[in-house]
1. Can you give the extra length, in nm with one decimal, that the chain gains between Leu63 and His279 once fully stretched, where that is 0.36 nm per residue apart less the Cα-Cα distance?
2. If you take the beta carbon distance between Glu420 and Glu386 as r and set R0 to 30 Å, what does 1/(1 + (r/R0)^6) give as a FRET efficiency, to the nearest 0.05?
3. Subtracting the Cα-Cα distance from 0.36 nm times the residue separation, let me have the gained length for Ile34 to Val92 in nm, one decimal.
4. To the nearest 0.05, what FRET efficiency results for Ser140 and His198 with a Förster distance of 56 Å applied to their C-beta separation?
5. Where nothing but the Cβ of Lys and Arg (+1) and of Asp and Glu (-1) is charged, how large is the charge dipole of region 296-418 around its Cα centre, in debye to the nearest 20?
6. Just to confirm the filter: which GluC sites (Glu not before Pro) across region 132-202 are DSSP coil and have at most 16 other Cβ within 10 angstrom of their Cβ?
7. Taking the highest mean first, how do the peptides 111-121, 243-253, 171-181 order by number of other beta carbon atoms within 10 angstrom per residue?
8. On a full-extension model of 0.36 nm per residue, what is the gain between Ala45 and Arg406, subtracting their alpha-carbon distance, rounded to one decimal in nm?
Amino acid sequence: MLGNQVIKTLGTKRTRDLRAPDVIGELFMLLMLIVIAVGAGTGSALTVALGATAFIISGGGLLWSRLALEEVRYDTAISDTHVFTDDEIEVVMTVENRKPLPVSWLQLIEFVPSGLEASDPDRVTRRAYSGGNEIVETTSLAAYERVRFRHRMTATHRGHYVLGPTELRSGDLFGLFGAVRREARKSQGVTVYPRIVHLDGFYTPAARPMGDLLSRDTLIDDPSRPKSVREYRPGDPLKRIDWKLSAKQGALTVRTFDQSVSNDVLIMLESSTVATAWHGYKYDVLEAAVSCAASIAVRYDTLGYRIGFIGNGVRPNQGVMSVITPGEGAHHIRLVLEALAFVHPLSFRPLEKLMLENGFQVLTRGASIVLVAGLLREGIVNYLQEASRRGHEITIIWVGREDPPRISALKVLDMRNRFETNSEDGEFFEASIESSHQQRLRSRLPDGG
């Protein structure tokens, strides 16, 4: 399983400190002042003594509630920050009292996003208005005491999830006054990779873009054919770094070479599932496309190919990239899976425009192209047909709800059944129709409506 096996602590930061004295407690203190005044007016020493005693106790309770959450620290540790769907993680919640005054009672409420599901439902309450759950724990803390709560959680859906916000509640011993503090977690959380379907023996009929390892030449770059130098990118082999030039320029620089035989594969992901963005999106189609792209990436990595990725539904943030240059190894496949975990249903720009702007980074000479899509637009079809004429092997993997389209000079493989979209198992399509350069794509192309 990819990801760190050590426990990492997620820090917290205090966002608000809400003091919420109970109205009943305030009214009680006011009532005791009235009792004292009445007792003094009537000359009743017993009434004054009782009122003063009750007022002092309630005042002490008010002070206690004010100090209850002071120097109380809360942290969350997660056993693994990178997991696959259906993997289980352990969350350790630690609350510590760092002052000599004990905390008579403490209630901890931790929000758990909907992509994580606690294994013990009896200790979880559903938060219907936000789509997640709440873990509620109650304890007391002696002076300088530390208490831990352990919960097992299952990752149910790809994405990036951050526990919180957290709410700490406490008060005085008599329950007259209360205090509330809310804390928000920092950006670190749990990244859940897409579901991986094993594709042992998978190939595309006739074309076999997965390759025949017994017969293909695995040479990539020809050292006798130097090409140029460029900045280092994640996934570049360390042996290609020009250390002297890097020291001179103050930045890592790698040397590139012309390829003798290419075993690079570019995986393209179309995140749009409907023709018009404001119509929403088809959940099953998007998830099938993401799972399919992840499974293909893992399959190619197992076969020893260098993998590149480009997707128009990935918004680059927190080190996640929508354009990943070809590379290999565990670190590189992790970059691809992280990008797929962050895929959104709405694309921020057409896939063909991303390719025109970044194709020089991800598409090497002779590389194969695999497009995973549940919707095909004319622009990307035109781009792929042109790439096919330039010598690239093109395969379109179809996961849409409709029957797969027939496209001139391009091979379409129907994978709806394997990745659980709403259709029956299809077959390989390769038909000859007029080129889209001569006329628009025919009505058989899905409109995504």
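The values are calculated or read from the model by the stated rules, or taken from the named source; none is laboratory data. No experiment lies behind these values; they were computed from the predicted model shown. Glycine also receives a Cβ, built like all others from the backbone with ideal geometry; neighbour counts cover every protein chain displayed. Each accessible area value is taken on the protein alone, full model and side chains, heavy atoms only, with ligands, DNA and RNA left out. Shrake-Rupley method; radii C 1.70, N 1.55, O 1.52, S 1.80 Å.
1. Details: separation 216, 0.36 × 216 = 77.76 nm, distance 5.58 nm.
Roughly 72.2 nm would be gained on extension.
2. Numbers: r = 33 Å, r/R0 = 1.09.
The value I calculate is 0.35.
3. 16.0 nm
4. Working: r = 50 Å, r/R0 = 0.90.
That pair, Ser140 with His198, gives E of 0.65.
5. On the way: 15 positive and 11 negative charges, 9 e Å.
My answer is approximately 40 debye.
6. Values: sites: Glu134, Glu137, Glu145, Glu167, Glu183; in loops: Glu145.
Taking region 132-202 and a limit of 16 other Cβ atoms within 10 Å, the loop GluC sites (Glu not before Pro) found are Glu145.
7. The most tightly packed comes first, giving 171-181, 111-121, 243-253.
8. Details: separation 361, 0.36 × 361 = 129.96 nm, distance 9.89 nm.
Gain on stretching Ala45 to Arg406: 120.1 nm.
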